[in-house]
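See structure below.
The values are calculated or read from the model by the stated rules, or taken from the named source; none is laboratory data. Note that this is a predicted model, so its numbers are computed, not measured. All Cβ positions, glycine included, derive from the backbone under ideal geometry; neighbour counts span all protein chains shown.
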Amino acid sequence: MWAIRKKTPPQAAFLGFVTGLVFFTGILYWIYNVLTEYGHLPGWISIFLLIVLTAYLALYFSLFAFLLRWVAGKTSLPETLFAPPLFVSLEYLRGLIFTGFPWELLGYSQFLNLPMVQISDMTGVYGVSFIIVLANASLYRLAITLPHRGWIPALKEVLASGIIIALCGAYGVWKLSALETKARMKTTFRVALIQGNIRQDIKWEPRYQEETLKIYSDLTLRVKDQRPDLIIWPETATPFFFQSAYPFQTRILELSHQVNAPLLFGAPAFERQGRKADYFNSAFLISPQKKILGRYDKIHLVPFGEYAPLSGFLEFTRDIIGAIGDFTPGKGVVNLSLPWGNFGVLICYEAIFPDLTRQFVEQGAQFLVNITNDAWFGRTSAPYQHLSMVTLRAVENRVSIVRAANTGISALIDPSGRIVQSTDLFTRETLSGKIHLSKSSTFYTKWGDVFAYLCLGATFLFLISLFFRRG
């Protein structure tokens, strides 16, 4: 805001673009590793594709800067009133356009600041983004008015913003206390997470199937004495089709019987229609009685990771997805059931989509499970980024989230968004802990992104009225 204060709208747009390019390249640098190591693309092509993605995402920052200056030239409306809803509107659109990529929205920066993220149970993560922009806009207004001795109105804006932020913080402190009190009164259930730490470059090699299954079986037997109510393996923990992989299927069913606990695990699945077969990235739930209790097929697939966009025009996109295959999206939200509770499964980056996540809870999920394979990311910041976003899903819906990751970070997250337990990266280990079941839904669960809709509607109507006023 300070950098563009004396710029024309086009100049501001350029500076906003540079800001966005630096921001997103710094966050998404790990995409280069994914494309070169697992997509087997030449380094220069990987760099080009990374820049294309970050340049597209930078356009949202560019548009933010352009509209701020354009509005400033047409009206005296202070940035404290216009910047927050504008920024939220653009973040919301980023999560929708081209299948959506709401990776590391501004609000996620506060995931460890528990009091300030509790408003997410009403506004979603977008409310936290709103507060951050509001704080910065207030300080900016004060900074530009101080030299001209016109700081009294700006000071009022700072005070008003401070009151709003303080109220949000006070709500967060009250909510954390209330959740802690409720937790003492709830029945707990024990879950056990299995982190196999299987290298991505060998994961789909047929000769390693036996070794992979043995690793998961041995780790699972370790938690038998803890008597878990549910054991969870990560996304595609079994690198074969469970439906038809004999004798592997029998051994997995027998393992669940042996430890006397239901087992949830990720595996590819298929459905045949005549000569055609559709493939799915799925999660299977089996019982100690050796029965398949249910299956969830991933709905929101990763472009270039699980399907090839525009493959008819861009043949090379099929090379990027490599051995993992070209999946079909699932037909809809499906909750899985155990005698003691219902739960929804979020596979991999489905957990970064707030509206998709809330649908599981709205349809009766009492806790959520996130299974993922972050081995693609290597030793980068991406696994930490991924985990930071999952914590907000717990706050928005007031449910416990159990996260099982192939190479880490596996974690238990309580309904306040607190990471109760977690594993390290690239370790072979188990994690066991207790969770509570949610028995009520939040405003966000019931109504979704109403706050974002209001920001988007208000911003659009204001810009339209300002545009026609010009004429």
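Observations on the structure shown:
- Looking only at the stretch 1-54, residues that are hydroxyl-bearing (Ser, Thr, Tyr), crowded, with 16+ Cβ neighbours inside 10 Å and touching a residue at least 24 places away in the same chain (Cβ under 8 Å) come to 4 in all.
- When the stretch 186-227 is filtered for residues that are of a type in the set (A, V, I, L, M, F, W, C), under 19 Å from Ala375 (Cα atoms) and assigned to a loop (DSSP other than H, G, I, E, B), the ones remaining, listed by number, are Ile198, Trp204.
- Residues in the stretch 228-251 that are free of Cβ contacts under 8 Å to residues at least 60 places away in the same chain, assigned to a loop (DSSP other than H, G, I, E, B) and polar (S, T, N, Q): Thr238, Gln243, Ser244.
- Filter result for Thr123 (in contact (Cβ under 8 Å) with a residue 40 or more places away in the chain, under 18 Å from Asp355 (Cα atoms), loosely packed, with under 14 Cβ neighbours inside 10 Å and not assigned by TED's automatic domain parsing to the domain that holds Glu350): no
- Looking across the stretch 261-304 at every residue that is among the polar types (S, T, N, Q) and assigned to a strand (DSSP E or B), the one that is farthest from Phe327 (Cα to Cα) is identified as Gln273.
- Candidate set: the stretch 208-231, residues that are closer than 15 Å to Pro288 by Cβ and of a type in the set (Val, Ile, Thr); chosen: the one surrounded by the fewest Cβ atoms within 10 Å (Cβ to Cβ): Val223
- Of residues in the stretch 371-410 being free of Cβ contacts under 8 Å to residues at least 60 places away in the same chain and over 18 Å from Gln359 (Cα atoms), the one surrounded by the fewest Cβ atoms within 10 Å (Cβ to Cβ): Arg379
- Selection from the stretch 354-370 of residues that are within 14 Å of the chain's Cα centre (by Cα) and either surrounded by fewer than 20 Cβ atoms within 10 Å (Cβ to Cβ) or more than 11 Å from Arg393 (Cβ to Cβ) (or both): Asp355, Leu356, Val369
- Contact map, the stretch 422-443: residues that are within 19 Å of Met185 (Cβ to Cβ) paired with residues that are part of a loop (DSSP other than H, G, I, E, B) and modelled with pLDDT under 95, Cβ distance under 6 Å, separation 6+ or inter-chain. Pairs shown: His436/Lys186.
- The helices (runs of 4 or more DSSP H) falling completely within the stretch 1-118 that include 2 or more residues that are modelled with pLDDT of 95 or more, over 23 Å from Tyr384 (Cβ atoms) and assigned by TED's automatic domain parsing to the domain that holds Leu461 map to 9-28, 43-74, 79-94.
- The selection criterion, being farther than 18 Å from Arg428 by Cα and among the hydrophobic types (A, V, I, L, M, F, W, C), holds for Ala269.
- Residue selected from the stretch 411-431 under the condition over 18 Å from Tyr108 (Cβ atoms) and among the acidic types (Asp, Glu), by the criterion surrounded by the most Cβ atoms within 10 Å (Cβ to Cβ): Glu429
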